[in-house]
Amino acid sequence: MDRRLTALAKVHGVSTWYEDWRQRRVEVAPETVVGVLGLLGVDATSPAAIADALAAARAVDRSALPETVVLTHGATRALPGPGVVTLEDGGRRAVDGELPADLPLGWHRLACAGRDVTVVVVPRRLPVPPRTWGWMLQLYALTSDRSWGMGDLGDLAEFTDWAGATGAGLVLLNPLHAVGPAHPVAASPYSPASRRFVNPLYLRVNDTAAYRAADPATRAVVDALRPDRGDLIDYDEVWTAKRHALELLHPYAQPVDLTADPALASFATWCALAERHGNDWRAWPTELHHPDGPAVAEQRRQLADRVAFHAWLQHLCDEQLDAVTAAARAAGMPVGVVHDLAVGIDPGGADGWQLADVLAQGVRVGAPPDDFNQLGQDWGLAAWRPDRLAATGYAAYRDMLRRTLRHAGGLRVDHVAGLWRLWWVPPGGGAAEGTYVRYDAEAMLGILALEAHRAGAVVIGEDLGTVQPAVTRGLRGRNMLGSTVLWFARDGEGDFVPPARWPRNALATISTHDLPTAPGFLTGEHVRVRDDLKLLDTDVAVERARAVADRERLLTMLRAESLLPDPAAPAAPTDPAAPAVPTDQAALPVPTDPARSELADDGEVVVAMHAALAASPARLLGVSLYDVLGEVRQPNLPGTVDEYPNWRLPLPATVAQIRTDPRVARVVDLLSTARPRSGDGRPARPPSGDGRPARPPEG
């Protein structure tokens, strides 16, 4: 690659090479670098253009104040001269050549050296998260006798109340981000129209003030619209029914003041326009492409009723999420409800329309080739432009976090490595024909810490796969958690690592929504379904043999850790005079196999896998109902769209059935014993002398 193009790319944070999953250096094609620079507004299409862009970049005064200053609380920063800080609360402080260490946390303005810039003072770290356990839910899958064909916020409130009463400290959800209102309704929660607003499909229609205020005849019509639970979730059927019901109830609702929330007014306008023109604003008439344009203002006036309707739906979502938060608080959960933040948005959706000035137009976010996806991944999502975020004081990023954290005791950040760098695929390129673009990780992580601190929320970063060491260090340094998954907890030989060696600073789980469930792994369902769908790139016999070997490796680890009986070992008689087992081990009842056969019972193995979670030092433990209830099908099968029922599989039991299921009771007892809560709702402090190696204090 031309050295001047390399230098230009470095200035703008565009990688010209990267290290793949095998730790091999991969050179990025020059045309990819040129294309990505173009997405950042940098012309590199000719030697002359490269020279001009490089000269312009080198002419920038590096000693000048940046457009946004992110300052860690307690630290100072030199300034080019005297200035005045306007604090978030309106107060003013004169500064002389330095930002002082005692500036309060928050969002301030600095006037200095002829410039006016944003100053964000962020916490050094968050409080250490509690040691507790909880449930991981795909909310759409959690149904009851009152829900309309899919799980809703009423089901969540009921489940949260029960979960907290039985010892759980958190409930981790799939993203509840908004999708487009036109049909077909998007099924994936990870390709949202907006990450700032909520999907109204999760509303419980008859838990609204408007339903209670309606006359009996209207309520009867609404009740008759309720769709039955099916074998698969039909989002279009559910949305058709709920939208009609809510339209019938809207006349009974109190009006929403749109002037108090311009972002909500703009989102509701997008929804009204999407109903008329489709969910992708890029296909709308050109005059409607700009939210502040006169044509949009005229359409907002003509569609005032629909704008008001969609704003009201968001008001209902806020009310019902408040009820869920209240249920978690009343149940004494030390964390509460943990929301999931998707890595990006559908570029044709509401955020793509409203936030176009801070997004890279035309980019598609994905991942480079790896062992599991050798052609790379193209997620089709839009990405922040790092330069535009800084130029606008990170306001859009801040507002997104605030809205998501409004109802959260915690936040899981999908693909958290994206706060450091993202794989950009330029227009016309394949998934492998992209490169990494760097973000200001100190700013992105610091602002996340500030907003989480203000919300009193824990932060969990999904850092699975190949991530840079800086990601793990950055999370740990701010008391944010990473992620540990049993399937990936292996050594260099492929053997499962004992849970005592798992990281402490993590949420530990058996699986994820993109991986086989525990029963699916044990039965080889993941091989069968991929073979049926022609997704295997090796012979099916090889894959089956690998699955059998993986199962045996898992059983070997569980037996070695005394979490599963060894069928070759004689049963030891119980000695009542024997010394007590250390507390944490006593908390893990060993699954019994009455037959003591060579073949371990799958149900007993699933319990043993949860015992492995409980034996780990991980601060948070996440349990999936798919695992406990024996579901062999995974919620999402990467590499498929319509071939597999992604995001449409209901749980095999309703909320009421879950509460009385003996398999659920057994796992609840195991985890609640291993991670007991104190009387004030906080986890009990682990006793000293628990048999674990000493660790340095955190924080």
Handout entry: In segment 505-523, the residues that are open to solvent by less than 20 Å² (accessible area, probe 1.4 Å), in contact (Cβ under 8 Å) with a residue 60 or more places away in the chain and not in a loop (DSSP other than H, G, I, E, B)
Key = Ala506, Leu507, Ala508, Thr509, Ala518, Pro519, Gly520, Leu522
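May I ask you to list the residues in segment 370-384 that are charged (D, E, K, R) and open to solvent by less than 50 Å² (accessible area, probe 1.4 Å)? Can you show your working first?
Going through segment 370-384, the residues charged (D, E, K, R) turn out to be 370-371, 378.
If the condition is that a residue be charged (D, E, K, R) and open to solvent by less than 50 Å² (accessible area, probe 1.4 Å), then Asp370 is the only one that fits.
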Practice task
Could you tell me which numbered condition Gly97 fails, if it satisfies all but one of (1) of a type outside the set (S, T, N, Q); (2) more than 36 Å from the chain's Cα centre (by Cα); (3) within 27 Å of Gln468 (Cα to Cα)?
Solution key: (3)
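Answer with yes or no whether Asp234 is open to solvent by 20 Å² or more (accessible area, probe 1.4 Å) and in contact (Cβ under 8 Å) with a residue 40 or more places away in the chain. Quick ask: steps written out before the conclusion?
Working: open to solvent by 20 Å² or more (accessible area, probe 1.4 Å): yes; in contact (Cβ under 8 Å) with a residue 40 or more places away in the chain: yes.
In short, yes.
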Problem - Selected residue (only one of Pro294, Pro255, Pro262, Pro285 is more than 23 Å from Val185 (Cβ to Cβ) and in contact (Cβ under 8 Å) with a residue 12 or more places away in the chain) - result: Pro255
Exercise for the section: Select from segment 467-476 the residues that are assigned to a helix (DSSP H, G or I) and open to solvent by 40 Å² or more (accessible area, probe 1.4 Å) and write down the one among them that is farthest from Asp20 (Cα to Cα). Expected result: Arg476
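Would segment 401-410 turn up any residue that is of a type in the set (Ser, Thr, Tyr), surrounded by 20 or more Cβ atoms within 10 Å (Cβ to Cβ), under 27 Å from Glu31 (Cβ atoms) and touching a residue at least 24 places away in the same chain (Cβ under 8 Å)? Can you show your working first?
Start the filter on segment 401-410 by keeping residues that are of a type in the set (Ser, Thr, Tyr), which leaves 404.
Filter once more, keeping what is surrounded by 20 or more Cβ atoms within 10 Å (Cβ to Cβ): 404.
Okay, now just the ones that are also under 27 Å from Glu31 (Cβ atoms), so none.
Looking through segment 401-410, none of the residues is of a type in the set (Ser, Thr, Tyr), surrounded by 20 or more Cβ atoms within 10 Å (Cβ to Cβ), under 27 Å from Glu31 (Cβ atoms) and touching a residue at least 24 places away in the same chain (Cβ under 8 Å).
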Exercise for the section: Scan segment 221-252 for residues that are farther than 27 Å from Thr654 by Cβ and either touching a His at 6+ places or on another chain (Cβ under 8 Å) or of a type in the set (Asp, Glu) (or both) and jot them down. Expected result: Glu247
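Among the candidates Asp61, Asp116, Asp102, which residue alone is touching a Lys or Arg at 6+ places or on another chain (Cβ under 7 Å) and open to solvent by 80 Å² or more (accessible area, probe 1.4 Å)? Quick ask: steps written out before the conclusion?
Working: Asp61 fails: touching a Lys or Arg at 6+ places or on another chain (Cβ under 7 Å); Asp102 fails: touching a Lys or Arg at 6+ places or on another chain (Cβ under 7 Å).
The match here is Asp116.
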Problem - Within segment 487-504, considering residues that are over 19 Å from Asp414 (Cβ atoms) and not in a loop (DSSP other than H, G, I, E, B), the one most open to solvent (accessible area, probe 1.4 Å) - result: Arg501
Practice task
Name, by its number, the condition in (1) at pLDDT 95 or above; (2) outside any strand (DSSP E or B) that does not hold for His108.
Solution key: (2)
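Of all residues in segment 613-652, count the ones that are among the small types (Gly, Ala, Ser), in a loop (DSSP other than H, G, I, E, B) and open to solvent by 10 Å² or more (accessible area, probe 1.4 Å). Before the answer, list the steps.
From segment 613-652, those among the small types (Gly, Ala, Ser) are 614-616, 618, 622, 624, 630, 639; that's our starting set.
Next cut, in a loop (DSSP other than H, G, I, E, B) only: 616, 618, 630, 639.
Next, only the ones that are open to solvent by 10 Å² or more (accessible area, probe 1.4 Å) stay: 630, 639.
Of the residues in that region, 2 qualify.
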Practice task
Take Leu37 and decide whether it is open to solvent by less than 50 Å² (accessible area, probe 1.4 Å), touching a Lys or Arg at 6+ places or on another chain (Cβ under 7 Å) and either on the phi < 0 side of the Ramachandran plot or free of Cβ contacts under 8 Å to residues at least 60 places away in the same chain (or both).
Solution key: no
Exercise for the section: For segment 76-99, enumerate the residues that are surrounded by 11 or more Cβ atoms within 10 Å (Cβ to Cβ) and of a type in the set (A, V, I, L, M, F, W, C). Expected result: Leu79, Val84, Val85, Leu87, Val95, Leu99
Handout entry: Elements of type strands (runs of 3 or more DSSP E) in segment 118-237, at least 2 residues being among the aromatic types (Phe, Trp, Tyr)
Key = 132-137
Problem - Qualifying residue in segment 138-158 (condition: under 30 Å from Val85 (Cα atoms) and open to solvent by 10 Å² or more (accessible area, probe 1.4 Å)) - result: no
Problem - Pick from segment 440-466, criterion part of a loop (DSSP other than H, G, I, E, B) and open to solvent by less than 40 Å² (accessible area, probe 1.4 Å), ranking: nearest to His407 (Cα to Cα) - result: Ala457
Exercise for the section: For residues that are under 20 Å from Asn373 (Cα atoms) and hydroxyl-bearing (Ser, Thr, Tyr), tally how many sit in segment 527-557. Expected result: 1
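Would you check if Thr45 is closer than 27 Å to Asp357 by Cα, of a type in the set (S, T, N, Q), more than 36 Å from the chain's Cα centre (by Cα) and modelled with pLDDT of 95 or more?
Numbers: closer than 27 Å to Asp357 by Cα: yes; of a type in the set (S, T, N, Q): yes; more than 36 Å from the chain's Cα centre (by Cα): yes; modelled with pLDDT of 95 or more: yes.
In short, yes.
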Practice task
Read through the list (1) surrounded by fewer than 22 Cβ atoms within 10 Å (Cβ to Cβ); (2) part of a helix (DSSP H, G or I), then give the number of the only condition that Gln254 fails.
Solution key: (2)
Practice task
Return the total of residues in segment 385-400 being in a helix (DSSP H, G or I) and crowded, with 17+ Cβ neighbours inside 10 Å.
Solution key: 9
Practice task
Mind listing whichever residues of segment 392-430 are more than 21 Å from the chain's Cα centre (by Cα) and under 24 Å from Pro469 (Cα atoms)?
Solution key: Val425
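The values are calculated or read from the model by the stated rules, or taken from the named source; none is laboratory data. This one's a predicted model, so the numbers in the text were calculated from it and none came from an experiment. We place every Cβ from the backbone using ideal geometry, glycine too, and count neighbours over all the protein chains shown. To get the accessible areas, we keep the full protein, side chains included, count just its heavy atoms, and leave off ligands, DNA and RNA. Shrake-Rupley method; radii C 1.70, N 1.55, O 1.52, S 1.80 Å.
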